[in-house]
Amino acid sequence: MDLAELEDILKDEKSFRKKQVMHAIFHELIGDWGEATALSKDIREKLKAKCSLDINAELFESADKNTAKALITLKDGKKIETVLMLHTGNRSTVCISSQVGCPVGCLFCATGKMGFYRNLTVYEILEQLLFFARYLKNKGDRKITNVVFMGMGEPFLNYDNALSAIKIINDGQCFNIGSRKISVSTSGIIEGIKRFSEEDLQVNLSISLHAPSNALRSQIMPINKQYGIGEILSAVDDYINKTSRKVMYEYVMLKDINDTVECAEGLVKLFKKRPLVMLNLIIYNPTGNFEPSSRETVKQFKELLEKNGLFVTQRYEFGQAINAACGQLASRDGKNSA
Ligand code: SAH
Ligand code: SF4
């Protein structure tokens, strides 16, 4: 897909034309400009010549068909991954990427290991949703109900484009997905958290914490040297004060690294007096450097937190068999080169 010249083509048109075009692409899910019958023939021809609606993607489906991954090749040949998870009860979540690779370099994350190439444009972010919106439409019965920015990349290092994409995802004339069904996850980019507090959005915020102390967090997330735990927690406290919205702290369970009793006690200290906070324990999807904590350890860790009054959830595991789970996205065909 290539919508880079869309604005230019429509620049002399009345503003409602752009709305019609966006509606045709992201609501009607047209695959060919010929289907955009609300537009004049002249505009359709121009769009057809310069704005391809074809998505170049390779699809991988899990054996149970509940998870699908798309490896999308962008116009410059770079590849990104996006994942669809079909839950029971008609909930369908798409996990989207915000960058090609990621500059944050967390040691447990496959995307972090591949390095950083570039930010995605607004339309490249949306292309991922569009792929699965069309996929579900062809299958017939379901629609995308939830969107999470938990694919490749750090959304708050591509803030403006992520925000513009969120507005189109939420727009009733486009994807029409409720803001409360959209979640953004950040490794703790303070400027992003501060800006996010000022937006008039009901979008969910998740923070990847993964350790209760700066010493440990800096070992597994080098960015912690720049944005430490104290600063993150205080930016999130401000966000909660301003928005009255709950925040989810994510905690990936790494065997013998951050799954000890001392770590659980450290988390209790950090969160005991903080309302509107949830802790989400994530089962680690192995990517080489670490091992996942055992079920028993996770259970005991969770019990200790709950006994001390914290609100704890555990993330559902999805997509490991097709390398489509959190932190596993790395366009592993190896064709992404700088
Ligand atoms: N860059 C953002 C969003 C993308 S990562 C962030 O880090 O928050 C989405 C989530 O997957 C984060 O919580 C991240 O820490 C987690 N994650 C990364 N690698 C993982 C792995 N191998 N197993 C499980 N979760 C992982
Ligand atoms: Fe980047 Fe998030 Fe992976 Fe860290 S966990 S390297 S921030 S994508």
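Pick out, in residue order, every one of the trypsin sites (Lys or Arg not before Pro) in region 256-301 that is DSSP loop and has at most 12 other C-beta atoms within 10 Å; say none if there are none. Within region 256-301, the qualifying trypsin sites (Lys or Arg not before Pro) (loop, at most 12 other Cβ atoms within 10 Å) are 272, 273. Applying the criteria of a DSSP loop state and at most 16 other Cβ atoms within 10 Å to the GluC sites (Glu not before Pro) of region 226-312 yields no site.
Dipole check for region 58-334: with +1 at the C-beta of Lys and Arg, -1 at the C-beta of Asp and Glu, and the Cα centre as origin, the magnitude is about 480 Debye. Average accessible surface for the chain: 46 Å² per residue, computed with a 1.4 Å probe over protein heavy atoms with every protein chain in place. The alpha-carbon positions of the chain define a convex hull whose volume is 138 Å³ per residue. Centroid-to-centroid, using Cα positions, region 205-225 and region 62-85 are 28 Å apart.
Only protein heavy atoms count here; on that basis, with a 1.4 Å probe, residue 259 has an accessible area of about 20 Å². Under 5 Å from the amide H of residue 118 lie the amide H atoms of 100, each residue being 5 or more positions distant or on a separate chain, with H modelled from the backbone and absent for Pro and chain starts.
Tell me the carbon and sulfur percent of the accessible area for region 1-54, rounded to whole percent, probe radius 1.4 Å. Each step should come with its number before you reach the end.
Values: 1490 of 3120 Å².
Carbon with sulfur: 48 percent of the solvent-accessible area.
Pairs with C-alpha atoms separated by more than 26 Å, drawn from the list 75/137; 69/139; 46/143; 14/50; 69/225; 137/181, are 46/143; 69/225.
Rounded to the nearest 0.05, the FRET efficiency derived from the C-beta distance between residue 141 and residue 313 at R0 = 30 Å is 0.60.
Electrostatic bookkeeping for residue 2 treats Lys and Arg as +1 and Asp and Glu as -1; over the other residues with beta carbon under 9 Å from its beta carbon, the sum is 0. Could you look at region 244-283 and say what percent of its accessible area is carbon and sulfur, using a 1.4 Å probe and all protein chains? Heavy-atom surface of region 244-283 belonging to carbon and sulfur, 1.4 Å probe: 55 percent. When cysteine pairs in the chain are screened for C-beta atoms closer than 4.7 angstrom, the residues that find no partner are 51, 95, 102, 174, 263, 326.
Tally Lys/Arg at +1 and Asp/Glu at -1 over every other residue whose Cβ is under 14 Å from the Cβ of residue 194; what's the total? Residues near residue 194 contribute -4 overall.
The values are calculated or read from the model by the stated rules, or taken from the named source; none is laboratory data. What you see is a predicted model, and the numbers here were worked out from it, not measured in a lab. With ideal geometry, Cβ positions are generated from the backbone for all residues, glycine too; neighbour counts draw on all protein chains shown. For accessibility, only protein heavy atoms count, side chains too; no ligands or nucleic acids. Shrake-Rupley method; radii C 1.70, N 1.55, O 1.52, S 1.80 Å.
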